[in-house]
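The values are calculated or read from the model by the stated rules, or taken from the named source; none is laboratory data. Values in this document were obtained by computation on a predicted structure and should not be read as measured data. All Cβ positions, glycine included, derive from the backbone under ideal geometry; neighbour counts span all protein chains shown.
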Amino acid sequence: MSEAQHARPVAGILWMLATTLLFISVNVTVKFVGDGLPIFESAFLRFLLGLILLVPMLGQARHLKMTPRLWKLSLARAVFHGFAMTAWFFAMTRIPMAEVTAMNFMNPLYVTIGAVLIFGEKLRAPRIAALFVAFLGGLLILRPGMRDLDAGHVAMIFTAMLFAGSYLIGNRLSREMPATMVVFLLSISVPFVLAPFALANWVTPSLHQLVLLFITAVCATLGHYSMTRAFACAPQTVIQPVTFVQLVWSVLLGWTIFGEVPDLVVILGGVMIMGAVTFITWREARRKADVPESVKH
(Lines give C-alpha, C1' and ligand atoms only; values in the text may rest on other atoms or scores of the structure.)
Protein backbone atom coordinates (compact mmCIF):
# COMPACT_ATOMS: atom_id res chain seq x y z
CA MET A 1 0.00 0.00 0.00
CA SER A 2 1.34 3.44 -0.93
CA GLU A 3 2.39 6.12 1.54
CA ALA A 4 -0.48 8.30 0.30
CA GLN A 5 -2.94 5.58 1.31
CA HIS A 6 -1.28 5.46 4.73
CA ALA A 7 -1.24 9.24 5.25
CA ARG A 8 -4.18 9.52 7.65
CA PRO A 9 -2.90 8.35 11.05
CA VAL A 10 -5.61 10.17 13.06
CA ALA A 11 -8.35 8.53 11.01
CA GLY A 12 -6.60 5.17 11.40
CA ILE A 13 -6.42 5.56 15.18
CA LEU A 14 -10.11 6.54 15.35
CA TRP A 15 -11.10 3.53 13.25
CA MET A 16 -9.06 1.27 15.52
CA LEU A 17 -10.65 2.78 18.63
CA ALA A 18 -14.03 1.96 17.08
CA THR A 19 -12.73 -1.55 16.44
CA THR A 20 -11.82 -2.05 20.10
CA LEU A 21 -15.28 -0.88 21.18
CA LEU A 22 -17.00 -3.22 18.73
CA PHE A 23 -14.89 -6.21 19.73
CA ILE A 24 -15.43 -5.55 23.44
CA SER A 25 -19.17 -5.34 22.70
CA VAL A 26 -18.85 -8.87 21.34
CA ASN A 27 -17.30 -9.93 24.65
CA VAL A 28 -20.11 -8.32 26.63
CA THR A 29 -22.91 -9.94 24.62
CA VAL A 30 -21.25 -13.35 24.80
CA LYS A 31 -20.85 -12.87 28.55
CA PHE A 32 -24.58 -12.14 28.82
CA VAL A 33 -25.42 -15.31 26.87
CA GLY A 34 -23.15 -17.18 29.30
CA ASP A 35 -23.69 -20.91 29.67
CA GLY A 36 -27.43 -20.67 29.00
CA LEU A 37 -26.80 -22.54 25.75
CA PRO A 38 -24.31 -25.33 24.98
CA ILE A 39 -21.02 -23.78 23.84
CA PHE A 40 -21.01 -25.36 20.37
CA GLU A 41 -24.58 -24.18 19.81
CA SER A 42 -23.73 -20.60 20.82
CA ALA A 43 -20.78 -20.48 18.41
CA PHE A 44 -22.85 -22.11 15.64
CA LEU A 45 -25.72 -19.64 16.04
CA ARG A 46 -23.32 -16.68 16.10
CA PHE A 47 -22.16 -17.61 12.57
CA LEU A 48 -25.55 -18.82 11.31
CA LEU A 49 -27.27 -15.57 12.31
CA GLY A 50 -24.43 -13.61 10.77
CA LEU A 51 -25.09 -15.09 7.32
CA ILE A 52 -27.65 -12.36 6.66
CA LEU A 53 -24.77 -9.87 6.67
CA LEU A 54 -23.21 -11.66 3.68
CA VAL A 55 -26.05 -10.81 1.25
CA PRO A 56 -24.15 -7.82 -0.26
CA MET A 57 -21.25 -10.19 -1.11
CA LEU A 58 -23.34 -12.71 -3.09
CA GLY A 59 -22.83 -10.93 -6.42
CA GLN A 60 -19.05 -11.03 -6.11
CA ALA A 61 -19.12 -14.61 -4.81
CA ARG A 62 -20.81 -15.85 -8.02
CA HIS A 63 -17.68 -14.94 -9.99
CA LEU A 64 -15.26 -16.60 -7.58
CA LYS A 65 -13.33 -19.45 -9.19
CA MET A 66 -12.52 -22.11 -6.60
CA THR A 67 -9.97 -24.87 -7.10
CA PRO A 68 -9.85 -28.06 -4.98
CA ARG A 69 -6.80 -26.61 -3.21
CA LEU A 70 -8.65 -23.41 -2.29
CA TRP A 71 -11.61 -25.43 -1.01
CA LYS A 72 -9.29 -27.50 1.18
CA LEU A 73 -7.59 -24.41 2.58
CA SER A 74 -10.96 -22.76 3.24
CA LEU A 75 -12.25 -25.86 5.03
CA ALA A 76 -9.08 -26.12 7.11
CA ARG A 77 -9.44 -22.49 8.10
CA ALA A 78 -13.09 -23.03 9.05
CA VAL A 79 -12.05 -25.91 11.35
CA PHE A 80 -9.40 -23.77 13.07
CA HIS A 81 -11.71 -20.76 13.37
CA GLY A 82 -14.80 -22.67 14.42
CA PHE A 83 -13.06 -24.48 17.28
CA ALA A 84 -11.23 -21.28 18.26
CA MET A 85 -14.56 -19.47 18.54
CA THR A 86 -16.04 -22.33 20.57
CA ALA A 87 -13.10 -22.35 22.99
CA TRP A 88 -13.37 -18.56 23.29
CA PHE A 89 -17.10 -18.75 24.08
CA PHE A 90 -16.29 -21.34 26.76
CA ALA A 91 -13.58 -19.15 28.29
CA MET A 92 -15.95 -16.18 28.43
CA THR A 93 -18.30 -18.22 30.66
CA ARG A 94 -15.49 -19.15 33.06
CA ILE A 95 -12.96 -16.35 33.56
CA PRO A 96 -13.02 -12.51 33.71
CA MET A 97 -13.16 -10.52 30.46
CA ALA A 98 -9.84 -8.84 31.19
CA GLU A 99 -8.08 -12.21 31.37
CA VAL A 100 -9.72 -13.37 28.14
CA THR A 101 -8.62 -10.18 26.38
CA ALA A 102 -5.08 -10.22 27.77
CA MET A 103 -4.54 -13.88 26.85
CA ASN A 104 -5.92 -13.29 23.36
CA PHE A 105 -3.12 -10.76 22.81
CA MET A 106 -0.89 -13.84 22.46
CA ASN A 107 -2.46 -14.54 19.06
CA PRO A 108 0.08 -12.51 17.00
CA LEU A 109 2.92 -14.26 18.82
CA TYR A 110 1.58 -17.67 17.85
CA VAL A 111 1.22 -16.36 14.30
CA THR A 112 4.92 -15.44 14.35
CA ILE A 113 5.88 -18.89 15.63
CA GLY A 114 3.60 -20.57 13.07
CA ALA A 115 5.16 -18.55 10.24
CA VAL A 116 8.57 -19.85 11.32
CA LEU A 117 7.48 -23.48 11.64
CA ILE A 118 5.23 -23.65 8.57
CA PHE A 119 6.63 -21.11 6.12
CA GLY A 120 10.27 -21.17 7.22
CA GLU A 121 10.52 -17.48 8.15
CA LYS A 122 13.68 -16.48 9.99
CA LEU A 123 13.69 -15.41 13.63
CA ARG A 124 16.39 -12.94 14.63
CA ALA A 125 17.52 -12.16 18.17
CA PRO A 126 15.25 -9.08 18.73
CA ARG A 127 12.12 -11.03 17.78
CA ILE A 128 13.18 -13.96 19.94
CA ALA A 129 13.61 -11.55 22.86
CA ALA A 130 10.15 -10.09 22.20
CA LEU A 131 8.63 -13.59 22.15
CA PHE A 132 10.31 -14.30 25.48
CA VAL A 133 8.85 -11.11 27.00
CA ALA A 134 5.40 -12.09 25.72
CA PHE A 135 5.82 -15.58 27.21
CA LEU A 136 6.66 -14.00 30.58
CA GLY A 137 3.57 -11.82 30.23
CA GLY A 138 1.48 -14.94 29.66
CA LEU A 139 2.98 -16.55 32.76
CA LEU A 140 2.13 -13.44 34.78
CA ILE A 141 -1.50 -13.72 33.72
CA LEU A 142 -1.75 -17.44 34.47
CA ARG A 143 0.60 -17.59 37.49
CA PRO A 144 0.72 -21.41 37.49
CA GLY A 145 1.41 -22.79 40.94
CA MET A 146 0.42 -19.50 42.59
CA ARG A 147 -3.32 -19.80 42.01
CA ASP A 148 -5.85 -22.35 40.81
CA LEU A 149 -6.13 -22.32 37.03
CA ASP A 150 -9.59 -22.63 35.54
CA ALA A 151 -10.52 -24.63 32.46
CA GLY A 152 -11.23 -21.24 30.87
CA HIS A 153 -7.52 -20.36 31.05
CA VAL A 154 -6.64 -23.59 29.22
CA ALA A 155 -9.35 -22.85 26.66
CA MET A 156 -7.85 -19.40 26.00
CA ILE A 157 -4.41 -20.89 25.36
CA PHE A 158 -5.94 -23.07 22.64
CA THR A 159 -8.13 -20.19 21.43
CA ALA A 160 -5.12 -18.00 20.64
CA MET A 161 -3.31 -20.91 18.96
CA LEU A 162 -6.33 -21.87 16.84
CA PHE A 163 -6.99 -18.26 15.81
CA ALA A 164 -3.32 -18.05 14.79
CA GLY A 165 -3.80 -21.08 12.54
CA SER A 166 -6.90 -19.46 11.02
CA TYR A 167 -4.98 -16.22 10.44
CA LEU A 168 -2.06 -17.96 8.73
CA ILE A 169 -4.36 -19.82 6.33
CA GLY A 170 -6.43 -16.68 5.77
CA ASN A 171 -3.28 -14.75 4.92
CA ARG A 172 -2.36 -17.39 2.33
CA LEU A 173 -5.89 -17.30 0.83
CA SER A 174 -5.85 -13.49 0.64
CA ARG A 175 -2.96 -13.73 -1.83
CA GLU A 176 -5.21 -15.60 -4.25
CA MET A 177 -8.63 -13.97 -3.84
CA PRO A 178 -10.16 -10.69 -2.62
CA ALA A 179 -10.22 -10.17 1.14
CA THR A 180 -14.03 -9.91 1.11
CA MET A 181 -14.23 -13.40 -0.40
CA VAL A 182 -11.89 -14.79 2.25
CA VAL A 183 -14.31 -13.47 4.87
CA PHE A 184 -17.29 -14.77 2.89
CA LEU A 185 -15.90 -18.30 2.63
CA LEU A 186 -15.05 -18.37 6.34
CA SER A 187 -18.52 -17.18 7.32
CA ILE A 188 -20.39 -19.76 5.23
CA SER A 189 -18.11 -22.70 6.07
CA VAL A 190 -17.84 -22.37 9.87
CA PRO A 191 -21.56 -23.17 10.43
CA PHE A 192 -21.13 -26.44 8.50
CA VAL A 193 -18.14 -27.38 10.66
CA LEU A 194 -19.95 -26.62 13.92
CA ALA A 195 -23.43 -27.92 12.96
CA PRO A 196 -22.89 -31.60 13.91
CA PHE A 197 -21.57 -30.63 17.37
CA ALA A 198 -24.36 -28.09 17.92
CA LEU A 199 -27.15 -30.46 16.83
CA ALA A 200 -25.79 -33.29 19.00
CA ASN A 201 -26.76 -31.36 22.15
CA TRP A 202 -29.36 -28.89 20.90
CA VAL A 203 -31.27 -26.64 23.29
CA THR A 204 -34.01 -24.43 21.86
CA PRO A 205 -32.75 -20.83 22.31
CA SER A 206 -34.95 -18.06 23.64
CA LEU A 207 -35.67 -14.93 21.62
CA HIS A 208 -33.44 -12.99 24.04
CA GLN A 209 -30.50 -15.33 23.39
CA LEU A 210 -31.02 -15.13 19.63
CA VAL A 211 -31.03 -11.34 19.76
CA LEU A 212 -27.82 -11.30 21.81
CA LEU A 213 -26.07 -13.68 19.39
CA PHE A 214 -27.25 -11.64 16.40
CA ILE A 215 -25.81 -8.50 18.05
CA THR A 216 -22.59 -10.47 18.55
CA ALA A 217 -22.47 -11.29 14.84
CA VAL A 218 -23.16 -7.68 13.82
CA CYS A 219 -20.54 -6.23 16.18
CA ALA A 220 -17.94 -8.79 15.08
CA THR A 221 -18.57 -8.07 11.39
CA LEU A 222 -18.46 -4.30 11.88
CA GLY A 223 -15.33 -4.73 14.00
CA HIS A 224 -13.52 -6.52 11.18
CA TYR A 225 -14.68 -3.84 8.75
CA SER A 226 -13.47 -0.96 10.93
CA MET A 227 -10.15 -2.75 11.51
CA THR A 228 -9.69 -3.04 7.73
CA ARG A 229 -10.40 0.68 7.39
CA ALA A 230 -7.89 1.43 10.16
CA PHE A 231 -5.08 -0.44 8.41
CA ALA A 232 -5.99 1.32 5.14
CA CYS A 233 -5.51 4.71 6.81
CA ALA A 234 -2.31 4.16 8.77
CA PRO A 235 0.54 1.63 9.04
CA GLN A 236 0.44 -1.16 11.59
CA THR A 237 3.13 0.51 13.67
CA VAL A 238 0.66 3.34 14.37
CA ILE A 239 -2.43 1.16 14.74
CA GLN A 240 -1.16 -1.84 16.69
CA PRO A 241 -0.61 -0.06 20.06
CA VAL A 242 -4.20 1.23 19.98
CA THR A 243 -5.50 -2.34 20.27
CA PHE A 244 -4.29 -2.29 23.88
CA VAL A 245 -7.27 -0.04 24.66
CA GLN A 246 -9.40 -3.17 24.37
CA LEU A 247 -7.87 -4.38 27.64
CA VAL A 248 -8.88 -1.08 29.26
CA TRP A 249 -12.48 -1.56 28.06
CA SER A 250 -12.41 -5.15 29.34
CA VAL A 251 -11.29 -4.09 32.81
CA LEU A 252 -13.81 -1.23 33.06
CA LEU A 253 -16.83 -3.11 31.67
CA GLY A 254 -15.99 -6.32 33.48
CA TRP A 255 -15.83 -4.36 36.73
CA THR A 256 -18.91 -2.17 36.25
CA ILE A 257 -21.24 -4.67 34.54
CA PHE A 258 -20.17 -8.07 35.83
CA GLY A 259 -18.47 -7.15 39.11
CA GLU A 260 -15.08 -8.55 38.04
CA VAL A 261 -12.48 -6.96 40.32
CA PRO A 262 -9.48 -5.68 38.29
CA ASP A 263 -6.31 -7.76 38.66
CA LEU A 264 -3.24 -5.53 38.31
CA VAL A 265 -0.99 -8.52 37.61
CA VAL A 266 -3.19 -9.53 34.66
CA ILE A 267 -3.02 -5.96 33.35
CA LEU A 268 0.79 -5.98 33.68
CA GLY A 269 0.96 -9.27 31.79
CA GLY A 270 -1.24 -7.82 29.05
CA VAL A 271 1.00 -4.75 28.81
CA MET A 272 4.07 -6.99 28.40
CA ILE A 273 2.41 -9.05 25.67
CA MET A 274 1.11 -5.99 23.84
CA GLY A 275 4.52 -4.32 24.08
CA ALA A 276 6.15 -7.40 22.55
CA VAL A 277 3.57 -7.52 19.73
CA THR A 278 4.07 -3.81 19.01
CA PHE A 279 7.85 -4.27 18.91
CA ILE A 280 7.59 -7.20 16.48
CA THR A 281 5.19 -5.16 14.29
CA TRP A 282 7.60 -2.22 14.29
CA ARG A 283 10.58 -4.47 13.45
CA GLU A 284 8.68 -6.11 10.59
CA ALA A 285 7.63 -2.73 9.18
CA ARG A 286 11.21 -1.45 9.35
CA ARG A 287 12.55 -4.61 7.72
CA LYS A 288 10.12 -4.23 4.80
CA ALA A 289 10.99 -0.54 4.48
CA ASP A 290 14.66 -1.46 4.14
CA VAL A 291 13.96 -3.84 1.24
CA PRO A 292 14.83 -2.15 -2.10
CA GLU A 293 11.90 -1.49 -4.43
CA SER A 294 13.47 -3.74 -7.07
CA VAL A 295 13.30 -6.66 -4.66
CA LYS A 296 9.72 -5.86 -3.58
CA HIS A 297 8.51 -6.04 -7.16
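What the table below lists for this structure:
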| quantity | calculated |
| --- | --- |
| Which listed residue is hydrophobic (A, V, I, L, M, F, W, C), under 25 Å from His208 (Cα atoms) and in contact with a Ser or Thr (Cβ under 8 Å, 6 or more places away or on another chain), from Phe44, Phe40, Phe23, Phe32 | Phe40 |
| Members of the stretch 117-147 that are touching a Lys or Arg at 6+ places or on another chain (Cβ under 9 Å) and in a loop (DSSP other than H, G, I, E, B) | Arg124 |
| Helices (runs of 4 or more DSSP H) lying entirely in the stretch 187-290 (those with 3 or more residues that are out of contact with any Ser or Thr (no Cβ under 7 Å at 6 or more places or on another chain) and buried (at least 18 other Cβ atoms within 10 Å of the Cβ)) | 207-233, 245-258, 264-290 |
| Near pairs, Cβ below 7 angstrom, 6+ apart or cross-chain, from the stretch 211-229 (under 16 Å from Leu49 (Cα atoms)) to any residue that is of a type in the set (Gly, Ala, Ser) | Leu213/Ser42; Ala217/Gly50; Cys219/Ser25; Thr221/Gly50 |
| Qualifying helices (runs of 4 or more DSSP H) (wholly inside the stretch 1-116; at least 2 residues being at pLDDT 90 or above and more than 15 Å from the chain's Cα centre (by Cα)) | 9-33, 39-50, 68-92 |
| Residue count, the stretch 73-104 (criterion: more than 16 Å from Ala43 (Cα to Cα) and free of Cβ contacts under 8 Å to residues at least 60 places away in the same chain) | 2 |
| Selection status of Ala198, touching a His at 6+ places or on another chain (Cβ under 7 Å), of a type in the set (Gly, Ala, Ser) and farther than 30 Å from Lys65 by Cβ | no |
| Cross-chain or 6+ apart pairs with Cβ under 7 Å, the stretch 153-171 first and under 13 Å from Phe83 (Cβ atoms), then among the charged types (D, E, K, R) | Ser166/Arg77 |
| Test set (1) farther than 21 Å from Gly50 by Cα; (2) modelled with pLDDT under 85; (3) surrounded by 13 or more Cβ atoms within 10 Å (Cβ to Cβ); (4) not hydroxyl-bearing (Ser, Thr, Tyr) - Met146 fails condition number | (3) |
| Qualifying position, being among the hydroxyl-bearing types (Ser, Thr, Tyr) and in contact (Cβ under 8 Å) with a residue 60 or more places away in the chain, among Thr237, Thr278, Thr243 | Thr243 |
| Considering residues of the stretch 114-139 that are surrounded by 11 or more Cβ atoms within 10 Å (Cβ to Cβ) and not hydrophobic (A, V, I, L, M, F, W, C) only, the residue farthest from Met161 (Cα to Cα) | Pro126 |
| Within the stretch 40-63, considering residues that are touching a Phe, Trp or Tyr at 6+ places or on another chain (Cβ under 7 Å) and under 22 Å from Gly223 (Cα atoms), the one surrounded by the most Cβ atoms within 10 Å (Cβ to Cβ) | Ala43 |
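The rows are residues; the columns are (1) out of contact with any Phe, Trp or Tyr (no Cβ under 7 Å at 6 or more places or on another chain); (2) surrounded by 15 or more Cβ atoms within 10 Å (Cβ to Cβ); (3) aromatic (Phe, Trp, Tyr).
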| site | (1), (2), (3) |
| --- | --- |
| Thr29 | yes, yes, no |
| Lys65 | yes, no, no |
| Pro96 | yes, yes, no |
| Asn107 | no, yes, no |
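One line per residue, one yes/no per condition, for (1) of a type in the set (D, E, K, R); (2) closer than 19 Å to Val182 by Cα:
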| position | (1), (2) |
| --- | --- |
| Ala43 | no, no |
| Arg69 | yes, yes |
| Val79 | no, yes |
| Thr86 | no, no |
| Met92 | no, no |
| Thr101 | no, no |
| Leu109 | no, no |
